[in-house]
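The values are calculated or read from the model by the stated rules, or taken from the named source; none is laboratory data. Worth saying up front: this structure is predicted, and the values here are computed from it rather than measured. Heads up, the Cβs are rebuilt from the backbone with ideal geometry, glycines too, and the neighbour counts pull from every protein chain shown. To get the accessible areas, we keep the full protein, side chains included, count just its heavy atoms, and leave off ligands, DNA and RNA. Shrake-Rupley method; radii C 1.70, N 1.55, O 1.52, S 1.80 Å.
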Number of protein chains: 2
Amino acid sequence: MVNIEDVARLAAVGRSTVSNVMNRPHIVAPATRQRVLDAMENLGFVPNESARVLAGGPGRFVGVVVHDASNPFFGEIIRTVEDAALNLRYIVSTTNTGADPVRESTAVELLIQQRASGVLITPSALPADALGRLRRIGTKVVVLDAPGESGICSVAMDDTAGGRLAGQHFLDYGYRSFAFVGTPARTTQHAARLAGFRAALEESPLGRRLDVQVIEVPHEDIISGRQAAERLQHRDSPVAVLCGNDLIAMGLSFALQERGTVVPQDVAICGYDDIDMVRYLSVPFTTVRQPVHDMARTALDLLVEEMRDPEHEHQAVLFAPELVVRATTARQ
Amino acid sequence: MVNIEDVARLAAVGRSTVSNVMNRPHIVAPATRQRVLDAMENLGFVPNESARVLAGGPGRFVGVVVHDASNPFFGEIIRTVEDAALNLRYIVSTTNTGADPVRESTAVELLIQQRASGVLITPSALPADALGRLRRIGTKVVVLDAPGESGICSVAMDDTAGGRLAGQHFLDYGYRSFAFVGTPARTTQHAARLAGFRAALEESPLGRRLDVQVIEVPHEDIISGRQAAERLQHRDSPVAVLCGNDLIAMGLSFALQERGTVVPQDVAICGYDDIDMVRYLSVPFTTVRQPVHDMARTALDLLVEEMRDPEHEHQAVLFAPELVVRATTARQ
DNA sequence: CAGGGCAATTGGAGCGATTCAAGGAGCCGT
DNA sequence: ACGGCTCCTTGAATCGCTCCAATTGCCCTG
């Protein structure tokens, strides 16, 4: 493989000059610069990132850790981040954790091994020590889709507000029986949504007479949503169900339809995320929209800023959710 | 950051011994090994992967390049590969190309910079020179979901056979008017599916009187499928449409339903991939199933074998597709 | 008991970049 | 003509690790 020395020899300059052309082009005389550039071109030179990082150069490796890339919500995040990062010539590495804390720490561990210069993470239950270790090797961290602790940048949705929005909407529409399907025990996001949901109900005139049937499911996907259908109890009055995300809502809705339960007459459903798909289903979903694109973009901007500017001040950005009413809820 | 030397000092051994504990544990005396292990633990030592790679050690970095991770088909591939690779302590980095040749080469370029030791790629149009350059730096490559050229390992579905299967099925069911929706001009996979589809029709007794209306769409997603609905011409006889993948099929189907077109009475649809979701829709999809899990697993196994064994013989594995008949096609 | 063989350990020479301090060349004003 | 500048350019030291060749004991055997 051709290295910096080969380039230097062909261009008849010193190794450092070649390095300068790559990292501080402005201090190299135009003629020399061009000569070096040509030499690189001729030789098909590609700098060795490992050597670069080892020598203490600016790393160009950022890791993105998400629950599940095939969930369109995360898909959109990844796409946004990749687009922006590739333009800045960063190398983006995505890892899925399946919201599993063990895989999450494995993923972080591997990122540490790589001495990633930045990490964008959607934690399920982020162990503080993992963050500490990342910090110690100088890796910048931005927490995405979860409230950040102090001393760390974070970009999140106000999940409590989102849950509230859904609860309020159900109450407005006259529902009196409620359920939540998701993974509140395993992910902070769902827990907050559930909390907001409960809060809205409790604050209503009917007060604490309103109870929420909580159905904890194993994953955040369609299959889990389907499974929840069997456990959902609905007798006389229609049940209003808030789902932890749209995929779960889809699964639940499909399974209910198969059993002859009609949405929204028998069961009302509110999803979460507003992924593209749910707007196109035969019964378009009422859901809580997250400004995914903006979140992702902001998160990357914060990360880049933090990587470039050592004096950077941490900030926690909170986005507001928005309720999108479609056909899976109806006025009673 | 703590390095190998710190560990060596604490354990009162030489640097090399620490290295040996990590890479060739069997040649270190058990007592010594334990002492080193303890020291690592105490110091919270994490080997620096960059240094390792630079020193010519066995790299543990593999790249996975796919069209779109949020497509469940690729999602499943990624999940499978990640599971297996993480167990082997490989670092998996996923990149999306959106089937765009430019992003594809950018992705490969970055992988070269990283000196990845292995790459699993789903090419749209893989430029031969990119492969060559990867090869030159010693990166092992396995092509996934596309026919491999000689001198390279590949795992693929027999897409032509898949297209044939669909065509045959439509003929059996009595359809006489056909269309294909997908990206045949931009991806080899869709092109092969279309070719097989055409072949089946041409080989039928009705011969070449059967024409296929080809609708090229910009992406392989739901939105593109929806757009295709406007361009699909169907007059008297029902049209049988083969879609390049299930997402396109879903989009097409949703859009048609909105305009009052009934599936399968007015338009029959056959998807491709058999992603989980399509089985649960209100009208479950007829589709061509790909053994994704096996493909992904086989691809990774090949890659690992190739990375470990320099004498490795390239092979091209071809999986057979399978038709799954559900409710979007009906006997005429 | 010398010598051979084996197991365990280790210092040193890179790997390919970066950064820094120092050196050389040309130009200016005096 | 010369000191003092600015601009460019460069050799050397370094990063943390792996591998190799060499070394050290130790046990066994003839």
Note: among A:Leu86, A:Leu144, just one is of a type in the set (A, V, I, L, M) and within 19 Å of B:Gly63 (Cβ to Cβ), namely A:Leu86
If you go through A:Val92, A:Val65, the only one that is within 14 Å of chain B (Cβ to nearest Cβ) and either within 10 Å of DNA strand C (Cβ to nearest atom) or in contact with a Gly (Cβ under 9 Å, 6 or more places away or on another chain) (or both) is A:Val92
Check: Do we have B:Ala146 as more than 24 Å from A:Ser70 (Cα to Cα) and away from chain A (no Cβ under 14 Å) here?
Finding: no
Those residues of region A:96-119 which are more than 7 Å from chain B (Cβ to nearest Cβ) and either in a loop (DSSP other than H, G, I, E, B) or polar (S, T, N, Q) (or both) amount to A:Thr97, A:Gly98, A:Ala99, A:Asp100, A:Ser105, A:Ala116, A:Ser117
Of the residues in region A:215-245, those that are acidic (Asp, Glu) and farther than 17 Å from A:His190 by Cβ number 2
query = Looking at B:Glu258, is it within 14 Å of chain A (Cβ to nearest Cβ) and modelled with pLDDT under 90?
reply = yes
* Would you mind stating whether B:Arg326 is charged (D, E, K, R), closer than 29 Å to A:Met250 by Cα and open to solvent by 10 Å² or more (accessible area, probe 1.4 Å)? => yes
Considering every residue within region A:70-77, establish whether at least one is facing chain B (nearest Cβ under 10 Å), assigned to a helix (DSSP H, G or I) and over 20 Å from B:Thr97 (Cβ atoms). yes
Check your understanding: Out of all the residues in region B:185-193, is one or more in a loop (DSSP other than H, G, I, E, B) and within 24 Å of B:Val317 (Cα to Cα)?
Key -> yes
The residue that is most open to solvent (accessible area, probe 1.4 Å), considering only those in region A:218-244 that are within 14 Å of chain B (Cβ to nearest Cβ) and in a loop (DSSP other than H, G, I, E, B), is A:His219
Only one of B:Arg208, B:Arg186 is away from every other protein chain (no Cβ under 14 Å), open to solvent by 50 Å² or more (accessible area, probe 1.4 Å) and touching a helix residue (DSSP H, G or I) at 6+ places or on another chain (Cβ under 6 Å), namely B:Arg208
Checked region B:54-68 for anything more than 8 Å from DNA strand D (Cβ to nearest atom) and open to solvent by less than 50 Å² (accessible area, probe 1.4 Å); matches are B:Gly59, B:Phe61, B:Val62, B:Gly63, B:Val64, B:Val65, B:Val66, B:His67, B:Asp68
Over region A:78-89, the set of residues under 13 Å from the mean Cα position of the chain (by Cα) and within 7 Å of chain B (Cβ to nearest Cβ) is A:Ile78, A:Arg79, A:Glu82
When every residue in region A:23-47 that is in a loop (DSSP other than H, G, I, E, B) and within 11 Å of DNA strand D (Cβ to nearest atom) is compared, the one surrounded by the most Cβ atoms within 10 Å (Cβ to Cβ) is A:Val28
Counted residues in region A:170-183 being outside any loop (DSSP other than H, G, I, E, B) and open to solvent by 10 Å² or more (accessible area, probe 1.4 Å) come to 3
- [ ] Evaluate the following for A:Gln213: is it surrounded by fewer than 21 Cβ atoms within 10 Å (Cβ to Cβ), among the polar types (S, T, N, Q) and assigned to a loop (DSSP other than H, G, I, E, B)?
- [x] no
Selection over region B:2-17 where residues are over 28 Å from A:Pro58 (Cα atoms), within 42 Å of the chain's Cα centre (by Cα) and either more than 12 Å from DNA strand D (Cβ to nearest atom) or open to solvent by less than 60 Å² (accessible area, probe 1.4 Å) (or both) yields a count of 1
Determine whether region A:25-41 contains at least one residue that is touching a Gly at 6+ places or on another chain (Cβ under 8 Å) and within 10 Å of DNA strand C (Cβ to nearest atom).
no
Being in contact with a helix residue (DSSP H, G or I) (Cβ under 7 Å, 6 or more places away or on another chain) and either closer than 30 Å to A:Gly56 by Cβ or polar (S, T, N, Q) (or both) narrows A:Leu201, A:Leu134 down to just A:Leu134
Expected single match for outside the structural domain of B:Gly118 (by TED's automatic domain parsing) and either under 22 Å from B:Met250 (Cα atoms) or assigned to a loop (DSSP other than H, G, I, E, B) (or both) among B:Gly167, B:Gly151, B:Gly138 is B:Gly167
- Out of all the residues in region B:91-103, is one or more surrounded by fewer than 20 Cβ atoms within 10 Å (Cβ to Cβ) and farther than 26 Å from A:Ser70 by Cα? no
Just to be sure, is B:Glu49 touching a Ser or Thr at 6+ places or on another chain (Cβ under 9 Å), within 16 Å of DNA strand C (Cβ to nearest atom) and at pLDDT below 95?
yes
Scanning region A:189-205 residue by residue, the ones that are open to solvent by less than 10 Å² (accessible area, probe 1.4 Å) and over 29 Å from A:Thr97 (Cα atoms) total 2
*Answer yes if at least one residue in region A:151-165 is surrounded by fewer than 19 Cβ atoms within 10 Å (Cβ to Cβ), in contact with a Gly (Cβ under 9 Å, 6 or more places away or on another chain), under 27 Å from A:Phe197 (Cβ atoms) and more than 14 Å from chain B (Cβ to nearest Cβ), and no otherwise.*
yes
